[in-house]
Structures are given as C-alpha cells and as structure tokens.
C-alpha cells in the first residue's frame with residue numbers, strides 16, 4: 001500500500017540508496033592524479049582504474065535495497081516490517097562506519113590532497129532518519145489496529 005506515509009518513507013530510502021550507486025562520495029587528488037571514492041572503492045578518474053576495492057559497501061547497499069523493497073511489500077505484517085526496519089538501520093549504521101573508516105584511510109594513509117566530501121556521504125544518515133519515521137508510523141498503525149480489536 002504505497003498510499004501509507006511509511007511506505008513513502010521507505011520508498012524514499014530506496015531512492016536515496018539507489019542514488020549512491022551513481023554518485024561519487026568524495027573527490028581528491030594523489031600525486032597529480034584525480035581520484036573518486038564511490039561505491040566500488042577508490043577509482044582513478046583519468047584511467048577509470050580501481051585503485052582500492054571496498055566490497056563491503058557494495059554488499060551493504062544491495063542488502064539495504066533488498067530489505068527495504070521487501071519491507072514495503074510486507075505492509076500487512078506490521079511487526080515484521082518494524083523488525084526489517086531495525087535490521088536496515090543496523091546495516092545503514094555499518095555503511096556509515098565503513099564510509100568513515102574509508103575516508104580516514106584516504107585522508108591519513110594515502111595523504112590525499114584537495115579532498116572534498118560530497119553530498120552522497122550523508123544519504124545513509126538521512127535514510128536512517130526516514131526509517132525511524134517509518135517505524136514510528138507503522139507502530140502507530142499497529143496501536144490503532146489493536147485498539148479497534150479491543151473495541152470489538
């Protein structure tokens with residue numbers, strides 16, 4: 001049921017996470033070459049060579065998308081939908097942690113120059129907030145259904 005506000009929140013999360021596959025997280029330069037940090041890892045912008053592969057980011061993004069899509073279509077099982085939301089929040093928090101560790105590695109170990117963080121880095125945080133809002137709305141629906149059942 002897409003007309004429910006929580007389904008809209010979850011759909012926006014799917015859009016934000018999908019956008020992370022297409023947008024770079026950060027740009028920087030090393031020894032005169034321009035590099036980009038994206039979902040695959042660190043990519044040389046001139047030659048498109050992958051300098052460092054960061055596989056956990058890809059795995060987490062795919063898991064978050066699958067769970068989010070599954071959660072949208074489990075609208076009749078509200079308690080299960082809340083559990084899926086909590087699992088997705090854990091995966092999103094892990095994604096944020098991996099991003100922060102990767103940025104730390106880029107800045108301090110690679111000695112990156114002209115480092116610039118881009119907007120997609122905060123998309124997982126926005127997604128966490130949206131999932132929390134969705135879980136709150138789902139819980140409200142569940143309470144409403146329980147109160148109607150008590151009246152009968």
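See the values below:
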{"item": "For 91, 70, order by how many other beta-carbon atoms lie within 10 Å, fewest first", "result": "70, 91"}
{"item": "Structure-derived Kirkwood radius over Cα pairs in Å - corresponding label in [x] 19.5; [y] 16.8; [z] 23.0", "result": "[y]"}
{"item": "The chain, relative contact order in percent, only Cα pairs under 8 angstrom and at least six apart counted", "result": "32"}
{"item": "Alpha-carbon spread of the stretch 32-92, three principal axes, descending order, Å", "result": "54, 17, 14"}
{"item": "Helical mean residue ellipticity (222 nm; -39500 (n - 2.57) per DSSP H run of 4+; nearest 500) of the chain", "result": "-20500 deg cm²/dmol"}
{"item": "Relative contact order (%) - criterion: Cα under 8 Å, at least six apart; region: the stretch 8-77", "result": "28"}
{"item": "Acute angle (nearest 10 degrees) that the helix 123-151 long axis makes with the longest principal axis of the chain, alpha-carbon atoms", "result": "10"}
{"item": "Packing rank of 73-83, 32-42, 46-56, 124-134, where each peptide gets the mean count of other beta carbons within 10 Å, highest leading", "result": "124-134, 32-42, 73-83, 46-56"}
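Read-outs: derived from the displayed coordinates by stated rules, not from any lab. Just so it is clear, the structure is predicted and the values come from calculations on it, not from any experiment. All Cβ positions, glycine included, derive from the backbone under ideal geometry; neighbour counts span all protein chains shown.
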